[in-house]
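Here is the structure we will look at.
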Amino acid sequence: MRRDTLSRRSVLAATGGLTLITTGVASVVSDTARDDSGDSSRDSIVVRGGTAEETTVSVTTGAADGPTAVVVGGMHGNEVAGYTAAGRIADWSIDAGTLVTIPEANTVAIERGTRTDDEGTNLNRQFPDGETPGTRLARALWDVVSESDPDILIDLHESTGLYAGDPVDGVGQAIFHSAGDDATAAAADAAEYVTETRVDDPALAFQTGPFSEPDTEPTGLLAHKAARDLDADGFLVETRSTDIALETRVQWHTAIVDRLLERERLLNDEPSEEPVDGSDGDAESPTASPIARIETQPPSAAEAPLEPGTTVTLDASQSHDPDGKLVAYEWRVGDDGPFEEAGETIAVPINGTGDHPVALRVVDDEGATATDRLTLSTNC
């Protein structure tokens, strides 16, 4: 199923929103080995403007027509990796279609650091199938989603426990999906991909599970409503938050979203389905891409705010090439500029307050590259 690019005017009209930014976007590097050079344009929309629930929606439009994806984070304010990852995804460029990102759906709960808002309302139970959402915020968010008419919706969450086929004890390390062969296969593919490329501990391997049936708890979930009312492929991603560094959890989320969007062709990393050399397709298969991976020493540096004057060591030794070897490790400190530093590790001095982005690019023995990045933050 493929739809034309989302009409920007329809979203603005539906939300009563205000365009804040329209910019060109090029060569955005994501957390999942993405270094795209295609041009995109981006608009930002305010939802519930002038209220305590005010939040911003990012609408990124690719250069070519294609499907529409909606990515949501921050439905629950204590699920930090979900809304952190969604914020980074909002900055991605895309090759085709439209990417609608709601990084902080529930700003009141995020500010409180709690699952619910200050009235005890669980936002992700306010979206009953076939009915009007239950709160003003839920209705405003649903206006954005329904007007987007997405082919795919991905909602990012966290849990303190692991999923083992029964959601009672926890749902972490799971990708829940809507009914249908396409959504089932996409969830399985993403789970296998992130487990193989990003998960070191077999106990934290990602599982998949179907959405609960209508009228079966839990009900009122945004991803359920998008799948059932809009015929979208719906996904609800859960990482385990207990005893795992925030940056690791964020990278799991971004890797899963990256894989799902590649499958929908918003991101165009896969080889062409037809041979480019005019052959009949029986030539040797393309080589596998390398995997770039940054880890911090100490590991807590990726999770806790840092004091100015601290030096953080970043380690690329967990990067690898599935079918060869890495020949170069290149680093960039800052938002842009060349990759100037070389070596498997790098010491980054934290001079001043604010965010300090760092990117790693690895090169394999056949010249293929992959990129990873993280942001080190200081107390302000």
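The values are calculated or read from the model by the stated rules, or taken from the named source; none is laboratory data. Being a predicted model, the structure only gives us computed values, none of them experimental. No Cβ is skipped: glycine too gets one built from the backbone with ideal geometry, and neighbour counts run over all protein chains shown. Please note that ligands, DNA and RNA were not included when accessible areas were found on the heavy atoms of the full protein model with its side chains. Shrake-Rupley method; radii C 1.70, N 1.55, O 1.52, S 1.80 Å.
Points worth noting:
- Condition met for residue 108 (out of contact with any strand residue (DSSP E or B) (no Cβ under 7 Å at 6 or more places or on another chain) and either open to solvent by less than 10 Å² (accessible area, probe 1.4 Å) or not in a loop (DSSP other than H, G, I, E, B) (or both)): yes
- Leading residue by the ranking (nearest to residue 266 (Cα to Cα)) among those in the stretch 58-87 that are assigned to a helix (DSSP H, G or I) and open to solvent by 10 Å² or more (accessible area, probe 1.4 Å): 87
- Residue that is modelled with the lowest pLDDT, among those in the stretch 358-376 that are crowded, with 18+ Cβ neighbours inside 10 Å and among the small types (Gly, Ala, Ser): 370
- In the stretch 112-130, the residues that are touching a residue at least 12 places away in the same chain (Cβ under 8 Å) and in a loop (DSSP other than H, G, I, E, B) form Cβ pairs under 7 Å with partners that are open to solvent by 40 Å² or more (accessible area, probe 1.4 Å) and small (Gly, Ala, Ser), at six or more places apart or across chains, as follows: 126/134.
- The numbered conditions (1) open to solvent by 20 Å² or more (accessible area, probe 1.4 Å); (2) touching a strand residue (DSSP E or B) at 6+ places or on another chain (Cβ under 9 Å) are all true for residue 253 except (1).
A quick yes/no check of all residues on (1) of a type in the set (Phe, Trp, Tyr); (2) surrounded by fewer than 23 Cβ atoms within 10 Å (Cβ to Cβ); (3) modelled with pLDDT under 95:
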| site | (1), (2), (3) |
| --- | --- |
| 112 | no, yes, yes |
| 130 | no, yes, no |
| 146 | no, yes, no |
| 157 | no, no, no |
| 160 | no, yes, yes |
| 166 | no, yes, yes |
| 175 | no, no, no |
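- Against the conditions (1) in a helix (DSSP H, G or I); (2) open to solvent by 40 Å² or more (accessible area, probe 1.4 Å), residue 190 satisfies every one except (2).
- Residue match in the stretch 222-241 (condition: open to solvent by 40 Å² or more (accessible area, probe 1.4 Å), in contact with a Leu (Cβ under 9 Å, 6 or more places away or on another chain) and either within 20 Å of residue 86 (Cα to Cα) or small (Gly, Ala, Ser) (or both)): yes
- Here is the figure for the stretch 224-258: residues that are in contact with a Pro (Cβ under 6 Å, 6 or more places away or on another chain) and within 22 Å of residue 78 (Cα to Cα) total 1.
- Pairs meeting the criteria (first residue in the stretch 218-229 and over 18 Å from residue 180 (Cα atoms), second residue part of a loop (DSSP other than H, G, I, E, B) and open to solvent by 20 Å² or more (accessible area, probe 1.4 Å), beta carbons under 7 Å, at least 6 apart or on different chains) are 218/212; 219/128; 220/126; 220/128.
- Output for the stretch 288-339, where each listed residue is of a type in the set (Val, Ile, Thr), farther than 21 Å from residue 85 by Cα and either modelled with pLDDT of 85 or more or crowded, with 17+ Cβ neighbours inside 10 Å (or both): 311, 312, 313, 327
- The set of residues in the stretch 193-217 that are open to solvent by 30 Å² or more (accessible area, probe 1.4 Å) and in contact with a helix residue (DSSP H, G or I) (Cβ under 6 Å, 6 or more places away or on another chain) comprises 193, 208.
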